[in-house]
Structure formats: structure tokens, C-alpha cells
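The values are calculated or read from the model by the stated rules, or taken from the named source; none is laboratory data. Remember, predicted model here, so these are calculated numbers, not experimental data. Note that we place each Cβ from the backbone using ideal geometry, even for glycine, and neighbour counts take in every protein chain shown. Keep in mind that these areas ignore ligands, DNA and RNA; they rest on the heavy atoms of the full protein, side chains included. Shrake-Rupley method; radii C 1.70, N 1.55, O 1.52, S 1.80 Å.
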Amino acid sequence: MQNSHLMGNYGDRALTLVGGQGSRVWDDQGKEYLDAVTGLAVCGLGHSHPDVADAVAEQSKSLTHCSNLFNIPWQQELGDRLSRLSGLDKAFFCNSGTEANEAAIKLCRLYGHSKGIEIPEILVCEGAFHGRSLGALSATWGSKARNGFAPLLEGFTHIAYGDIQAVEASASENTVAVMLEPIQGEAGIVIPPAGYLKQLRDLCNRKGWLLVLDEIQTGNGRTGSYFACDHEGVKPDVLATAKGLGNGLPIGACLATEKVAALLVPGTHGSTFGGNPLVSRAACAVIDTIENQNLCERASQLGSWLLDAFKQELAEVDHVIDIRGAGLMLAIELEASCGELVAAAADAGLIINVTGGNRVRLLPALTMSDEEAQLLVDTLCPLIKNWQAS
């Protein structure tokens, strides 16, 4: 389906999806697909989850929106739950991961100005993706996203990812924060060395810097703990999350310690739609489901099974460079650009994603069944075996 009244930033889209249930979606021709991307890590509970659907339906009959001029009980409830899960004290709600990162960047700048630093500097990482607004884009790495949008914002210095020595070597007297993804998603599921986050936490403590974690993609159970930083027992000063938080409804959150959050006073930041009653109640239903169904543990177990299965099936395939993952963030890296695999997979009834040119990225639902996981392996592995670098 093509519509000439839509801007062309998404290019030609081959499929028109009209329905979904769990890990399955259907197009407008009635064809069924196994969805191994789930809206780019958004529908962690699968499509049309009944608990979320019921919460949205019930809330839509009472109060959908009232703006942040008023107290919103479900927003307060959601803030309480995220505070408990993250160990952080305060929450600001917005509509997306990009906006959550924008709030985090503004907190860093306020923090720097509070210390008398006129041009605060944030250390960010090569390979990072933090969003497409000008602030988040300035923190993002790579010409593909950034080309044509100069001048970008000053105050960002890119450093090698996973290299603690590069952090100290690149810092200056204006450095106020280190901002990074615990696992880089858009770069192709790049996992830093064990202990890296803990080293960063210790370094930030010594230097008086903020540690800011972008858990837009890694949060909400995807890596096998509620937040990826939990694996190393690290608590950041600021944490941004979105995607799986609303299971398809637009919501983002910027969480912070009491000390940092206190820098936001009336008039410094806001959002018209952020944390309205509808999305806040939906997010509470998401958290309830993740906890009640032990989906963090499920993500860990199923992710380990998939990782082992792919490694076993593709062990003798020369053009497979690496297979890696954490929970249900998985990547199969090939020796050359492999974007054509997306269409080949769709023809076979499977939805996958290729990022970084040569990395098949898989972000299945936390609720994917064992049978569907086996189907994923059985469908994708032959396509990869038969793929030839052009």
C-alpha cells in the first residue's frame, strides 16, 4: 500500500501489516509471519497482549488525557514502580526514547552549569544511537543518521565503546557525564567487556561525573534482567527507557537520583502528552505482566537456548563471522552486507532486521514459545547458509 501524502523518510515498505497476536502478525493479503523483531524491541509481551489491551480499554472509558497541569494517579503509580525497579528516585515521563534521552542530556547540562561549567561536555560512544532529535542526534554516532543536519550541538565527545582507558584519555575539565547504551542495539548488538559498566561507575564516582545509561532498547526485561545494568549491579545517576515500556503505546521515561532530578524545577522541562493516564496505565500493566509471568527469567533462558541453537546450526558456515547476544537481543554477523535477507525471510514467513549492513538483529517477544523459537531457528538458518556475499 502506497500513499503519496506520506513523507518518504521510510522509503518503500514491502509489507502492510493489519493484525497481530503474540509473536505472529498478518499482512493485508492474509499471510502470517513469525515476528522476530517485535516493532524494534517494542512489543516485548508480543502483539495485542490481553492484559495491556484490557487496561487500555478500561482506561479509555474514564480518562485518556488531562495534561500535566494536574496530578495523574496512574503516572504516580508508574513512577513508584520504576523507582523500585531501578533504584532511582524520580521519573519524568515523555513519549519516546529520543525524548527520554533529550531529558537526560538536559539534566547533564544543568548539572554542569550548577558546577560553574559554561560548556558542559558529555562523553558518548562510537557506534551509539540515542535518537533523531538534534540533541540526541548529536550524541549519536555515524554519518548515515547525521548527514545533512549540521550544525549539530556542541558539548559531545565520542570515544571508543567498551574501552575504559579511552574514557579517561578523552575527558577534559568540562566533562560532566558519560552517556552510553549498556549494549549497543542499532550498532548490531555490541556487548562491552564484562565489568565495563562497573569500571565506569567507579570512574564517575571518582571524577564527580554523572553516569547516564540509555536503556531504551535494553530495558524492560529484554536482556534477562529488568534493566541491563542490573547484571553488574550498577546504578546510574540517570537512566532513559522506552520501547518495551508501553508494549506499543508511545511512552518514554527518564529516571534519576534525587540529587540530579532536583535540577529540574518548574519551567525547565515538560511534555504535553508525557505520562498521560492511558499510557501510564498501559505501562503499569506491562510491568505487572513481566513480573507476574517471570519474563525476565524467560528472556534469559530462551535467549541462551537461541544463542546455542544458532551457534550449533551455523558452526560450519564460513561467511558467519560472529553470533552473540544477551537475553533476547541477538545478532548474527555475516562477512558482507546482507540486507537482502530481510526480503528472503519475509518470503519464508519470518520478520527479521538487518542493522550495521551485515548484522541480522533479532529481538523476539519475551513471550515467544519454545515451538516458535524452534521455528525461528529452522527458518532463518537455511537462509543464512544459502546466502552468498555479492
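Some values worked out for this structure:
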quantity	calculated
DSSP-assigned coil residues among GluC sites (Glu not before Pro) in segment 85-138, each with at most 11 further Cβ atoms within 10 Å	GLU118
Segment 206-356 - percent relative contact order, Cα under 8 Å, separation 6 or more	20
Per residue solvent-accessible surface (Å²) - the chain, probe of 1.4 Å	44
Within segment 135-236, chymotrypsin sites (Phe, Trp or Tyr not before Pro) in DSSP loop having at most 11 other beta-carbon neighbours inside 10 Å	PHE149
Cα shape, segment 184-236, gyration tensor, a/c 1.5 rule	prolate
Percentage relative contact order, segment 202-288, counting C-alpha pairs under 8 Å, at least six apart	25
Test item: Cα-centred dipole of segment 204-315, Lys/Arg +1 and Asp/Glu -1 on Cβ, debye	280
Equivalent-ellipsoid semi-axes of segment 238-390, from the Cα gyration tensor, Å, largest first	37, 18, 15
Cα-based radius of gyration of segment 84-234 once divided by 2.2 N^0.38 Å, which approximates compact folds	0.98
Cα extents of the chain along the three principal axes, largest first (Å)	59, 54, 44
Rounded if a/c under 1.5, otherwise prolate or oblate - segment 137-200, Cα gyration tensor axes	oblate
Most fluctuating residue given options THR289, THR175, THR268, as computed from a GNM of the chain linking Cα atoms under 10 Å	THR268
Flagged links, alpha-carbon separation over 30 Å, of LYS106/LYS235; LYS115/LYS243; LYS235/LYS385	LYS115/LYS243; LYS235/LYS385
Inter-label distance, nm, simple model (7 Å from Cα along the C-beta direction), ILE321/ASN147	2.0
Stokes-Einstein D for segment 243-312, Kirkwood Rh over Cα pairs, 37 °C, 0.692 mPa s (µm²/s)	218
Low-density loop cleavage sites - chymotrypsin sites (Phe, Trp or Tyr not before Pro) in segment 31-99, where at most 10 other Cβ are within 10 Å (DSSP)	PHE70
Relative contact order %, segment 145-235, counting alpha carbon pairs below 8 Å whose residues are six or more apart	27
Whole-percent pair-distance distribution, where bins are 5 Å wide, for the alpha carbons of segment 202-303	2, 12, 18, 21, 20, 14, 8, 4, 1, 0
Built amide H within the under 5 Å cut-off of CYS94, gap 5+	GLY252, ALA253, CYS254, GLY275
The chain: most fluctuating residue of GLN75, GLN184, GLN301 per GNM, C-alpha cutoff 10 Å	GLN301
Student exercise, segment 68-213 dipole from Lys, Arg, Asp, Glu Cβ charges, in Debye to nearest 20	160
Value of Rg/Rh across segment 302-390 [Cα atoms, Kirkwood radius]	0.92
Along the chain, longest interval not containing exposed trypsin sites (Lys or Arg not before Pro), exposed being DSSP loop plus at most 11 other Cβ atoms within 10 Å	116-390
Within the accessible area of the chain (1.4 Å probe), percent carbon and sulfur	50
Phi-based couplings in Hz for segment 80-91 (Karplus 6.51, -1.76, 1.60; Gly and Pro marked x)	4, 5, 5, 5, 5, 6, 9, x, 8, 9, 9, 10
Probe 1.4 Å - accessible area at ASP322, Å² to nearest ten	60
Only Lys, Arg (+1) and Asp, Glu (-1) charged, at Cβ; the chain dipole about Cα centre in debye	980
Accessible surface, 1.4 Å probe, highest first, among residues GLU154, GLU77	GLU154, GLU77
With all protein chains modelled, accessible area of TRP305 [1.4 Å, Å²]	100
Rg to Rh, two decimals, where segment 97-164 supplies the alpha carbon set and Rh follows Kirkwood	0.97
